[in-house]
1. Hey, got the average number of other protein chain Cβ atoms within 10 angstrom for residues in A:149-162?
2. Any idea what the dipole of segment A:240-369 comes to, in debye rounded to 20, about its Cα centre with Lys/Arg Cβ at +1 and Asp/Glu Cβ at -1?
3. In chain A, what % of DSSP beta bridges are antiparallel (nearest 5)?
4. Rounded, prolate or oblate: which fits the protein assembly as shown when a ≥ b ≥ c are the square roots of the eigenvalues of the alpha-carbon gyration tensor, with rounded for a/c under 1.5 and prolate only if a/b beats b/c?
5. Quick query: amide H of A:Asn151 versus all other amide H atoms, modeled in the peptide plane; which residues come in under 5 Å with a sequence gap of 5 or more or a different chain?
6. Restrict the search to segment A:238-272; then list the trypsin sites (Lys or Arg not before Pro) that DSSP places in a loop and that have at most 15 other Cβ atoms within 10 Å of their Cβ.
7. Scan segment A:154-213 for GluC sites (Glu not before Pro) in coil per DSSP, keeping those whose Cβ has at most 13 other Cβ atoms within 10 Å, and list them by number.
8. Over chain B, what relative contact order in percent results from Cα pairs under 8 Å that are six or more residues apart?
Number of protein chains: 2
Amino acid sequence: MVHSFEAKVGIDKFPIIIGHGIFNELISFIKTYNKENIFIICDSYFKKSKGFHNQELSFFNEYNHVFINGGVESKTLPNFEKIIKILSQNNIARDGLLISIGGGVIGDLCAFTASCYQRGIDFIHIPTTTTAMIDSSIGGKTGLNFLEQVNLIGSYYNPKAIFMDLRFLDSLEKRDYYSGICEAIKMSITSDSNMFNRYLEVNNLVHRKDKTILEEIIYWSSITKLKHVTSDFKEKSTRLILNYGHTFGQAIETHYGLYQEKLKHGEAVALGITVAAKLSDLLFNTTNSKNIWEKTNEILLKYNLPNKFKKLGTKDIPETSQLIKNIINDKKRISNGNRYIICESIGKADIHLIKNDEYIIKAFNCLYE
Amino acid sequence: MVHSFEAKVGIDKFPIIIGHGIFNELISFIKTYNKENIFIICDSYFKKSKGFHNQELSFFNEYNHVFINGGVESKTLPNFEKIIKILSQNNIARDGLLISIGGGVIGDLCAFTASCYQRGIDFIHIPTTTTAMIDSSIGGKTGLNFLEQVNLIGSYYNPKAIFMDLRFLDSLEKRDYYSGICEAIKMSITSDSNMFNRYLEVNNLVHRKDKTILEEIIYWSSITKLKHVTSDFKEKSTRLILNYGHTFGQAIETHYGLYQEKLKHGEAVALGITVAAKLSDLLFNTTNSKNIWEKTNEILLKYNLPNKFKKLGTKDIPETSQLIKNIINDKKRISNGNRYIICESIGKADIHLIKNDEYIIKAFNCLYE
């Protein structure tokens with residue numbers, strides 16, 4: 001089955017197509033552009049010696065394309081400059097089309113480049129990872145890392161279409177696969193208790209990469225993220241709910257640095273939402289019912305996601321004092337004071353002001369058990 | 001007197017304040033931001049050994065600032081990178097403010113940087129030249145030159161306010177002064193025959209830099225440009241009228257190259273609108289009335305602007321065949337076929353398709369007399 005619907009983000013409208021084998025729809029869309037005016041940037045994961053590596057992708061060889069490494073070290077100004085040069089050398093015009101095939105890194109890099117080349121050309125996302133399908137391709141945020149800061153350079157820029165072909169997930173490496181799933185789990189905790197309970201049940205289907213459940217999850221994630229984004233494109237209010245666990249996860253990511261394998265972004269999110277859950281309990285849980293932290297632990301374990309530092313398999317573990325410092329620096333940089341996203345119960349999150357660091361320190365402690 | 005009005009561009013609204021001595025209004029506006037969260041980039045023309053060089057500007061010394069050379073060679077990626085670094089080092093946050101004080105180059109560079117730093121921070125234009133007040137600060141176009149191409153990298157991004165203080169024009173060098181005035185003349189030819197006739201009359205007042213006439217011209221230019229831009233932010237239709245003479249002027253600019261003194265941008269516009277006028281006459285002038293080309297020559301002479309190559313004071317004059325080649329390359333790059341802006345009469349311009357190069361060649365010939 002194929003899910004096809006219209007997204008409204010800011011003043012833009014564009015189609016999102018989700019399914020297992022949707023290249024016919026993709027080809028119809030692309031054919032509205034002049035062939036010489038189309039350029040494809042693809043994660044080098046899909047490269048064979050002479051172009052795209054499998055039969056399904058081989059039609060891309062007809063179009064001008066380059067391969068770029070999809071690792072986080074690729075989201076840089078030099079790669080931006082490189083793509084601008086390539087587009088110019090290939091005479092891609094203002095009414096041209098840039099297509100990105102890859103995970104979050106390739107998507108962010110290409111979307112930013114498309115937003116700046118000749119003041120913005122048309123752009124299509126073809127996300128190939130759970131992270132990109134569930135989270136990064138939706139919402140129009142583009143970015144480059146610079147000065148060791150995530151997305152210090154970036155823009156808000158919507159694609160003309162997003163094509164999510166689930167076949168890309170078949171070959172996705174296990175840690176990357178679950179890292180992306182974590183973003184869906186996170187959204188269910190803040191926004192949809194029914195879906196949270198469903199995630200608790202379907203973990204075995206997800207493990208098997210069952211097509212139907214993956215399409216359901218990715219469709220649910222897309223529309224849930226869009227609900228937060230549509231009315232708040234530039235992140236002034238409701239969109240901030242999506243940052244649940246973000247402050248804590250980012251403080252941990254800052255410790256490990258941008259370019260390493262110890263901690264994937266989705267794993268940092270897992271640790272971040274564990275801390276956020278603990279903090280939520282400290283502030284709101286006055287009953288004897290099963291608390292948010294316990295439920296968060298339960299679901300993370302079902303999806304092979306870390307809920308404690310010892311799960312990371314490294315002896316390099318940050319001290320709480322360092323994490324608090326990172327948070328203070330981060331909050332200063334984004335000038336949002338002491339606002340945190342807190343859950344009153346599963347499915348119900350809001351922004352709260354927390355002036356007392358003691359709560360934060362206590363919340364972090366749960367990662368050290 | 002002070003002109004103060006609200007501009008609507010795309011989905012944004014912001015104030016434009018025009019007058020002789022308007023820093024009180026500017027200071028009131030700036031004070032709505034946290035002082036540590038404000039950064040000023042200023043053309044180094046205004047630098048003395050220890051900061052801003054005259055008494056009126058000295059209050060800027062209270063704020064964090066750097067000076068950057070305002071020449072066209074500054075609109076580069078390395079300067080973009082430099083400013084991003086400076087903003088980050090000064091902990092300018094997402095709700096911070098970048099202020100640009102300078103001509104078109106500083107304005108374009110800063111506006112682009114503001115549009116990308118942390119996905120966009122607030123920005124104020126303080127244009128200091130006729131070109132920046134009449135043309136470049138209005139309309140939200142930002143840009144960097146790259147690979148010898150003007151604005152190959154850029155964005156559409158509106159400021160939060162524009163403050164045009166006419167005192168800056170007192171010290172403006174003569175060629176730069178008239179280059180900017182040329183943009184106003186150009187708009188009158190395409191859009192307002194009454195204003196064109198007024199420009200024919202007031203040249204002596206403009207020569208003397210009379211405050212009242214400058215305020216009138218800059219106010220008229222602002223609202224006229226806004227009329228073209230408001231409903232067509234991303235240049236799909238009416239905004240293209242502003243490109244009258246642009247194709248020809250740019251073909252000439254391409255010959256001389258980006259970084260030279262032989263030809264200022266406004267002077268290229270002057271030559272460009274001369275060719276456009278000739279072309280308009282070739283297509284439309286069937287009467288014996290004074291034609292557009294004659295009228296264009298008349299007004300350019302009154303404002304010390306070139307209407308022929310020999311006025312440039314250089315022996316390096318491009319051949320027509322080269323200019324035609326440049327146009328073909330340019331048209332290919334922006335993929336707009338053979339569309340040209342043509343005037344049927346002074347004050348009335350439209351987009352026309354011209355498939356026959358002979359008309360273009362004939363029109364160019366008027367520059368060689």
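1. 3
2. Around 80 debye, computed over segment A:240-369.
3. The antiparallel proportion sits near 45 percent.
4. It is prolate, given that a/c is not under 1.5 and a/b is the larger ratio.
5. Excluding prolines and chain starts, which carry no amide H, the hits are A:Leu144, A:Asn145, A:Phe146.
6. Answer by residue number: A:Lys262.
7. Filter output for segment A:154-213: A:Glu173.
8. Computed value for chain B: 15 percent relative contact order.
Throughout, read-outs are computed from the coordinates displayed, never taken from laboratory work. Computed from a predicted structure; not experimentally measured. Quick reminder, even Gly has a Cβ in these numbers, built from the backbone with ideal geometry, and neighbours come from all protein chains shown.
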